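Student: First the structure, then my questions, so here it is.
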Amino acid sequence: MFLINCPYCGERDQQEFKAGGEAHIERPKQPTELSDDEWAEYLFMRKNIKGVQFERWNHAHGCRKWFNMVRDTSNDEIKAIYKMGEKPPAQ
Amino acid sequence: MTKNLRVKSSEYIDETNRISFKFNGKTYHGFKGDTLASALLANDVHLVGRSFKYHRPRGIMTSGSEEPNAIIQINPCTNRTEPNVRATEVEIYEGLEASSQNCWPSVEFDIGGINNFLSPFFPAGFYYKTFMWPASFWEKYEFFIRHSAGLGKSPTSSDPDIYDHRNVHCDVLVVGAGISGILAAKNAAKNNFRTLLVDEKNELGGSTIYENNEFNKIDNKTPSEWLKKEIEELKGIKNLEIKTRTSVAAYHQYNYLLARENLTDHLEAKYKTNKIRQRLLKIRAKKVILATGALERPLIFNNNDRPGIMLSSAIKKYSEFYGVACGNKNVFFTNNDSAYESALSLYNKGINVEAIIDIREQSESKIVKKIKETGIKIYWSHSIVDTAGYKRLNSVSIMKLSNDGTSVTGSKISISCDCLGVAGGWSPAVHLYTQSGSKLKFDEEKKVFLPNQNTSEQISVGSCGGDFKIDEIIKNLNHKLKDNLNIKETNLDNIKVETDQENSKRNIWLLPSDKPLGKTKPFVDYQNDATAKDIKLALREGFRSIEHVKRYTTTGMGTDQGKLGNMHALGIIADTAGVKMGELGTTTFRPPYTPLTFGTIVGRNVGKFFDIFRRTPMNDWHVENKAEFENVGQWKRAWYYPINGETMHQAVQRESKAARESAGILDASTLGKIDIQGSDASEFLNRVYTNAWSKLAIGKCRYGLMLNEDGMVYDDGVTTRLGENHYIMTTTTGGAANVLGKLEDYLQTEWPELDVYLTSVTDHYATASLCGPNSKKILKKIISDLDLSDENFPHMSFKEANIGSIQCRIMRISFTGEHSYEINVQASYGKDLWKKCMEAGQEFNITPYGTETMHLLRAEKGFIIVGQDTDGTMTPIDLQMDWIVSKKKYDFIGKRSLYRSDTMREDRKQLVGLLTDDPNIVLEEGAQIVSELNQSPVEMLGHVTSSYFSPNLNKSIALAVVRGGKDMMGKKLFVPMENKNINVTVANPVFYDQTNERLNAQL
Ligand SMILES: [Zn+2]
């Protein structure tokens, strides 16, 4: 059970949060210009890494804000948390 | 005849407080402070159970939670009965009843014991291999196996006890209150860390508290004396909370631990009532100090499982702590000095020790010399090759061990005995450590797994950290505390420790016998009856991974998770396969460390509190009027209102007719409502719905369909424009929370530039939906000053009005195809609104209807229900709802997916109507649809999604999804059922009033 440091509320128990899949997948601004393959890439293709992964999380039972998390999936170490729209940390 | 083996008064046993209890129907006596195991041993009862597979007689083996054999049923035939309890952990109380498990008809005469003689037929993987046989063969075994299977009995009536959950936060959690745990907790608390110390036992002090060995001294006192003083000083330390009878079950990531606090299990029945029995502590600790100690290992030799064969350390604890001799003629079998400490303890109490059999060649430690002085015979370089005694050990046979330890030589000596203490060294209790995700490393010299790579703020101190000698323990504990807690001084800095303890040990995982392995029974896992032979067989059959060998042989898969024998299993595999143990790895220790009751896991969430449920403001009226309810998400919704003993079908037929013929009323309060405001609200709706919203006039309503980005229908509902920048959206009852979440997601992550605010107002409004040709007249009676003419208040529009002094929002919208209104008031007025409608409607025979009639009426009109007629694979085109998909809008959620090659396939499943050729046959929802009956394999075209008998059409109607159904109008298809094939015809899904005459009728 993680202890997650919501960037708006502070440290809270994992059960207040909802995981939202891979982060930094931007919805295409002009979907109609895309081929089926390009659209499918956005729609379906997600990474499932053993190691450092960028994820979206939502403080669903709290402030309801979405934010980003960098997590090592091999040991669940949370390496960084940052707000939506912010750049991921360099390392 | 019961014997008394109580040898000497112990300060932990209150001999003035005599307690009687029953075991297997027979009454025994013990004292306050006894465990069931110590009390039975004091009565010379060793035989307490039968093993799982071979039904071999088994006795008490340990004195703690690692017990594999003494697994019993507590208070059988009562509603407090509990199976799979370890007798070593049960504190006795007046009136306690317990019985053996896994024996039938009794522990003394057990029919399954025959398996012991059939054991050549029960090799590793027996069950897997047996299941390969014809299934019919298995059924023959079933009765027999079920009767003799040893899993205990669950209670048949509900649990009378209360269970609780509590969140606990602390700076330092110390697990285990042996010498290391106590010193760690004391120093942490004294340095202003909020500290919690927990221990599974009822007394603090671990094994040191009864350590009276004259060769170990702390500040010139025996460890026992010294520790008692330390414990005394714990009282009154600020910041320190101590919980005994509290066992940590699980250690999760981020220092989140679950512990079970046992509050009443040790009390007499009359003191249990109305008290919390067990409490689950959900602990979040900044730092965790594991001081869980070490478990003594047995030795693996032929017939090492007879009642009377115990861990050497357990014999010492029974003697020192409980004042009980486990036998009159004791023998020890060891590979290290520990057995000598136990032997000395017995000797000092005048209990007879016959001999010590040591597989080492020699030891020169002080304690060994002391034993030599006592005259107890020591057999160096000897091993036990067999034991005898069916229900109780009566002798052991020993032989000289070869230099390499793989065989025995010379002549066999038989030693008569009734109790054998085995000492195979110590394994650090690293179970919780590994649960936390931290990694172990095998120490090839000490032959133990040690903590190596921590993943959270934690340290392992004392013997669970690999320190077994008292001087090492104190020295390393001091370093670790200073490092980890960042403190400068501790009360350990100036402690003087004297010890003679040595780590001398000769490790042989599997001891040889004079008989070949195939003819012996060296048990590795006592509870699951796995022998060294089984493990070797698994290796011969090609299993290599330790996880596979474990599952194939069931080693370590009992309720004790193989706490005693896992190391030996690994050792035997490593030796046989010729690899180092460190390379082999270890199996995973999974929570819980010891089994938890279901009560503890669920806590207060039982009965009414099992799940949250929501009720509408009109709920009381529905209850008073005998509605039947159905669960929709968390909501309790009125399902139908039977009168005069009507069946559901009769009630629904009546309600459905009345709603169309005169007037009906539905409680629609559960529909999700989201208030949307902001200067970009219209643009936002344009992006989330498939149709266009910019041109919707203020005061008008519009139906909207929401897709997922994959183009599949996600939710639907009517949204009303209340003002220039203000809308109220309704969602399906079950979808409300998800829709809000999805809208928030897009607003926060994809379109943060939009000025839009979302508020869930589902609970703020109560909604009555009034429908039918007389609905207008009824509404007129309630609200006299509102012009209800079609010109002023047309279909799909909105008005604000007052009912008396109550403000309300009225939408003229319809889910039934009838003229109808949805009246919304502040939730607290919901019941008043409902009663007013009923009163006003009385002259029109207004009929309350529930969700079932709502479903039937909308099906007559071919309106879909998202989640019933759709399943996450239906596009609006599949639903034949092309009309709602804007061609003009550049983009909306899911638009691009509507012209992916897959979503444009002609042969997708499409929503159609189905009419049965026999109008009286109602199809089953979920029934499959085919076009050919004599095909093999038959091709499934689709399935029925909604099906009712329509009282208004006087025939059966159904909605279905059918592959390519759009172009099948009028086609004959079949619905094959178990006993018959039903002929159906594809039809227009709008069955009733296809031209909407009723909706537009002048009333
Ligand atoms: Zn938050």
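The values are calculated or read from the model by the stated rules, or taken from the named source; none is laboratory data. Just so it is clear, the model here is predicted, and its values are computed rather than measured. Please note: Cβ atoms are built from the backbone with ideal geometry, for glycine as well, and neighbour counts cover all protein chains shown. What goes into the accessible areas is simple: the full protein's heavy atoms, side chains included, and nothing from ligands, DNA or RNA. Shrake-Rupley method; radii C 1.70, N 1.55, O 1.52, S 1.80 Å.
Student: Among the residues of region A:71-91 satisfying the criterion of being more than 8 Å from chain B (Cβ to nearest Cβ) and of a type in the set (Gly, Ala, Ser), which is surrounded by the fewest Cβ atoms within 10 Å (Cβ to Cβ)? So that I can check it myself, show each step before the final result.
Tutor: Quick first cut of region A:71-91, residues more than 8 Å from chain B (Cβ to nearest Cβ) only: A:71-74, A:78-83, A:86-91.
If we keep only those that are of a type in the set (Gly, Ala, Ser) too, we end up with A:74, A:80, A:90.
Working: A:Ser74: 12, A:Ala80: 15, A:Ala90: 5.
Residue satisfying both the conditions and the ranking: A:Ala90.
Student: Can you pull out the residues in region B:296-312 that are out of contact with any Gly (no Cβ under 8 Å at 6 or more places or on another chain) and either basic (Lys, Arg) or open to solvent by 10 Å² or more (accessible area, probe 1.4 Å) (or both)?
Tutor: Going through region B:296-312, the residues out of contact with any Gly (no Cβ under 8 Å at 6 or more places or on another chain) turn out to be B:301-305.
Of everything in region B:296-312, just one residue is out of contact with any Gly (no Cβ under 8 Å at 6 or more places or on another chain) and either basic (Lys, Arg) or open to solvent by 10 Å² or more (accessible area, probe 1.4 Å) (or both), namely B:Asn303.
Student: Next question. Pairs please, first residue from region A:1-28 and within 8 Å of chain B (Cβ to nearest Cβ) and farther than 29 Å from A:Met45 by Cβ, second anywhere and open to solvent by 50 Å² or more (accessible area, probe 1.4 Å) and within 12 Å of the ligand (Cβ to nearest atom), Cβ atoms under 8 Å, 6+ apart in sequence or on different chains.
Tutor: The qualifying pairs are A:Leu3/A:Glu11; A:Leu3/A:Arg12.
Student: Sticking with this structure for a sec: Look through B:Ser775, B:Ser760, B:Ser694 and report the one residue that is open to solvent by 20 Å² or more (accessible area, probe 1.4 Å), more than 41 Å from the chain's Cα centre (by Cα) and small (Gly, Ala, Ser). Talk me through it step by step, then tell me what you get.
Tutor: Values: B:Ser775 fails: open to solvent by 20 Å² or more (accessible area, probe 1.4 Å); B:Ser760 fails: more than 41 Å from the chain's Cα centre (by Cα).
Answer to the selection: B:Ser694.
Student: Among the residues of region B:262-276, write down those that are open to solvent by 20 Å² or more (accessible area, probe 1.4 Å) and not hydroxyl-bearing (Ser, Thr, Tyr). First the steps, then the outcome.
Tutor: Initial filter on region B:262-276 (open to solvent by 20 Å² or more (accessible area, probe 1.4 Å)): B:262-263, B:265-271, B:273-276.
Across region B:262-276, the qualifying residues are B:Asn262, B:Leu263, B:Asp265, B:His266, B:Leu267, B:Glu268, B:Ala269, B:Lys270, B:Asn274, B:Lys275, B:Ile276.
To keep it simple, each residue is scored yes or no on (1) in a loop (DSSP other than H, G, I, E, B); (2) at negative phi; (3) touching an Asp or Glu at 6+ places or on another chain (Cβ under 8 Å); (4) charged (D, E, K, R).
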site	(1), (2), (3), (4)
B:Val422	no, yes, no, no
B:Thr434	no, yes, no, no
B:Phe442	no, yes, no, no
B:Pro451	no, yes, no, no
B:Thr455	yes, yes, yes, no
B:Asp467	yes, yes, no, yes
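Student: Go through (1) open to solvent by 10 Å² or more (accessible area, probe 1.4 Å); (2) more than 25 Å from B:Leu510 (Cβ to Cβ) one by one and return the number of the condition B:Ser345 breaks.
Tutor: Against the list (1) open to solvent by 10 Å² or more (accessible area, probe 1.4 Å); (2) more than 25 Å from B:Leu510 (Cβ to Cβ), B:Ser345 comes up short only on (1).
Student: To continue, here is another question. Considering (1) at pLDDT 95 or above; (2) under 22 Å from B:Gly323 (Cβ atoms), say which one B:Glu15 fails and leave the rest.
Tutor: Result: B:Glu15 fails condition (1) only.
Student: Going by the conditions given, is B:Val922 open to solvent by 40 Å² or more (accessible area, probe 1.4 Å) and among the aliphatic types (A, V, I, L, M)?
Tutor: Working: open to solvent by 40 Å² or more (accessible area, probe 1.4 Å): yes; among the aliphatic types (A, V, I, L, M): yes.
Yes: the conditions hold for B:Val922.
So that you can scan it fast, the table gives a plain yes or no per residue for (1) within 14 Å of another protein chain (Cβ to nearest Cβ); (2) small (Gly, Ala, Ser):
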residue	(1), (2)
B:Asn191	no, no
B:Leu196	no, no
B:Glu200	no, no
B:Glu233	no, no
B:Ser247	no, yes
B:Ala250	yes, yes
B:Tyr256	yes, no
B:Ala269	no, yes
B:Lys272	no, no
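Student: Right, next: Hey, can you tell me all the residues within region A:41-53 that are more than 9 Å from every other protein chain (Cβ to nearest Cβ) and open to solvent by less than 90 Å² (accessible area, probe 1.4 Å)?
Tutor: Of all residues in region A:41-53, those more than 9 Å from every other protein chain (Cβ to nearest Cβ) come to A:41, A:45-53.
Correct list: A:Ile49, A:Gly51, A:Val52, A:Gln53.
Student: Examine region B:444-452 for a residue that is open to solvent by less than 10 Å² (accessible area, probe 1.4 Å) and more than 14 Å from chain A (Cβ to nearest Cβ), and state whether such a residue exists. Break it down into steps so the answer makes sense when it comes.
Tutor: Going residue by residue through region B:444-452, those that are open to solvent by less than 10 Å² (accessible area, probe 1.4 Å) are B:448.
From the residues that got through so far, the ones that are more than 14 Å from chain A (Cβ to nearest Cβ) too are B:448.
Yes, region B:444-452 contains a residue that is open to solvent by less than 10 Å² (accessible area, probe 1.4 Å) and more than 14 Å from chain A (Cβ to nearest Cβ).
Student: For region A:31-40, state whether one or more residues are open to solvent by less than 20 Å² (accessible area, probe 1.4 Å) and within 10 Å of chain B (Cβ to nearest Cβ).
Tutor: Filtering region A:31-40 for residues open to solvent by less than 20 Å² (accessible area, probe 1.4 Å) gives A:31, A:39.
Among the residues that remain, those that are also within 10 Å of chain B (Cβ to nearest Cβ) are: A:31, A:39.
Within region A:31-40, one or more residues are open to solvent by less than 20 Å² (accessible area, probe 1.4 Å) and within 10 Å of chain B (Cβ to nearest Cβ).
Student: Right, something else. Only strands (runs of 3 or more DSSP E) wholly contained in region B:797-904 count here; list those with 1 or more residues that are without any contact (Cβ under 8 Å) to a residue 60 or more places away in the chain and open to solvent by 20 Å² or more (accessible area, probe 1.4 Å).
Tutor: Details: elements: B:797-803, B:806-812, B:820-826.
Passing ranges, in order: B:797-803, B:806-812.
Student: When region B:603-641 is examined, which residues are found to be assigned to a helix (DSSP H, G or I), modelled with pLDDT of 95 or more and more than 22 Å from B:Gly672 (Cα to Cα)?
Tutor: Restricting attention to region B:603-641, the residues satisfying the condition of being assigned to a helix (DSSP H, G or I) are B:607-609, B:619-624.
Those left that are additionally modelled with pLDDT of 95 or more: B:619-624.
Across region B:603-641, the qualifying residues are B:Val623, B:Glu624.
Student: Please specify each residue of region B:349-371 satisfying the condition of being in contact (Cβ under 8 Å) with a residue 40 or more places away in the chain and not in a loop (DSSP other than H, G, I, E, B).
Tutor: B:Glu354, B:Ala355, B:Ile357, B:Lys366, B:Ile367, B:Lys370
Student: Another question, if that's okay. Within region B:746-757, track down each residue that is free of Cβ contacts under 8 Å to residues at least 24 places away in the same chain and crowded, with 17+ Cβ neighbours inside 10 Å.
Tutor: B:Gln748, B:Thr749
Student: Continuing with this model, one more query. Among the helices (runs of 4 or more DSSP H) contained in region B:219-332, which hold 2 or more residues that are in contact with a helix residue (DSSP H, G or I) (Cβ under 6 Å, 6 or more places away or on another chain)?
Tutor: Values: elements: B:223-234, B:269-272, B:312-320.
Helices (runs of 4 or more DSSP H) meeting the threshold: B:223-234, B:312-320.
Student: Just a yes or no: is a residue in region A:54-70 away from every other protein chain (no Cβ under 12 Å) and open to solvent by 60 Å² or more (accessible area, probe 1.4 Å)? Step through it out loud before you land on a result.
Tutor: Taking region A:54-70 as the starting set, the residues that turn out to be away from every other protein chain (no Cβ under 12 Å) are A:54-55, A:62, A:69-70.
Next cut, open to solvent by 60 Å² or more (accessible area, probe 1.4 Å) only: A:54.
There is at least one residue in region A:54-70 that is away from every other protein chain (no Cβ under 12 Å) and open to solvent by 60 Å² or more (accessible area, probe 1.4 Å).
Student: While we're on this one: Wholly within region B:954-1003, which strands (runs of 3 or more DSSP E) include no fewer than the required count, namely at least 2 residues that are under 19 Å from B:Thr816 (Cα atoms)? Reasoning before the result, please.
Tutor: Details: elements: B:955-963, B:972-976, B:981-987.
Once the strands (runs of 3 or more DSSP E) in region B:954-1003 are filtered for at least 2 residues that are under 19 Å from B:Thr816 (Cα atoms), what remains is B:955-963.
Quick grid of which residues meet (1) open to solvent by 20 Å² or more (accessible area, probe 1.4 Å); (2) without any contact (Cβ under 8 Å) to a residue 60 or more places away in the chain; (3) within 33 Å of the chain's Cα centre (by Cα):
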| site | (1), (2), (3) |
| --- | --- |
| B:Lys8 | yes, no, no |
| B:Phe23 | no, no, yes |
| B:Ser51 | no, no, yes |
| B:Ile74 | no, yes, yes |
| B:Cys77 | yes, yes, yes |
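Student: Another one. Of the residues B:Gly558, B:Gly562, which single one is surrounded by 24 or more Cβ atoms within 10 Å (Cβ to Cβ) and in a loop (DSSP other than H, G, I, E, B)? Working first, answer last.
Tutor: Working: B:Gly558 fails: surrounded by 24 or more Cβ atoms within 10 Å (Cβ to Cβ).
Exactly one residue qualifies, and that residue is B:Gly562.
Student: If you go through region B:372-380 one residue at a time, do you hit one that is crowded, with 17+ Cβ neighbours inside 10 Å and either in contact with a Cys (Cβ under 9 Å, 6 or more places away or on another chain) or assigned to a loop (DSSP other than H, G, I, E, B) (or both)? Before you say what the answer is, go through the steps one by one.
Tutor: Filtering region B:372-380 down to residues crowded, with 17+ Cβ neighbours inside 10 Å leaves B:376, B:378-379.
With either in contact with a Cys (Cβ under 9 Å, 6 or more places away or on another chain) or assigned to a loop (DSSP other than H, G, I, E, B) (or both) added as a condition, the list becomes B:376.
Within region B:372-380, one or more residues are crowded, with 17+ Cβ neighbours inside 10 Å and either in contact with a Cys (Cβ under 9 Å, 6 or more places away or on another chain) or assigned to a loop (DSSP other than H, G, I, E, B) (or both).
Student: Another question, then. How about region A:1-83: which strands (runs of 3 or more DSSP E) wholly inside it have at least 2 residues that are away from the ligand (no atom under 16 Å from the Cβ)? Step through it out loud before you land on a result.
Tutor: Details: elements: A:3-6, A:10-13, A:18-22, A:52-58, A:66-72, A:77-83.
In region A:1-83, A:18-22, A:52-58, A:66-72, A:77-83 are the strands (runs of 3 or more DSSP E) which contain 2 or more residues that are away from the ligand (no atom under 16 Å from the Cβ).
Student: Answer yes or no as to whether B:Pro592 is surrounded by fewer than 21 Cβ atoms within 10 Å (Cβ to Cβ) and closer than 30 Å to B:Lys441 by Cβ. Give the derivation first.
Tutor: Numbers: surrounded by fewer than 21 Cβ atoms within 10 Å (Cβ to Cβ): yes; closer than 30 Å to B:Lys441 by Cβ: yes.
The answer is yes for B:Pro592.
Student: Any residue in region B:55-78 that is at pLDDT below 85, part of a loop (DSSP other than H, G, I, E, B) and over 23 Å from B:Thr597 (Cβ atoms)?
Tutor: Here is the first cut: in region B:55-78, the ones at pLDDT below 85 are B:55.
Remaining after also requiring part of a loop (DSSP other than H, G, I, E, B): B:55.
Going one step further and asking which of them are over 23 Å from B:Thr597 (Cβ atoms), we end up with B:55.
Within region B:55-78 (the criterion being at pLDDT below 85, part of a loop (DSSP other than H, G, I, E, B) and over 23 Å from B:Thr597 (Cβ atoms)), the answer is yes, since at least one residue qualifies.
Student: Return the only residue of A:Arg46, A:Arg71, A:Arg56 being among the basic types (Lys, Arg) and free of Cβ contacts under 8 Å to residues at least 24 places away in the same chain. Don't jump to the end; show me each part of the working.
Tutor: Values: A:Arg46 fails: free of Cβ contacts under 8 Å to residues at least 24 places away in the same chain; A:Arg56 fails: free of Cβ contacts under 8 Å to residues at least 24 places away in the same chain.
Criteria check complete, one pass: A:Arg71.
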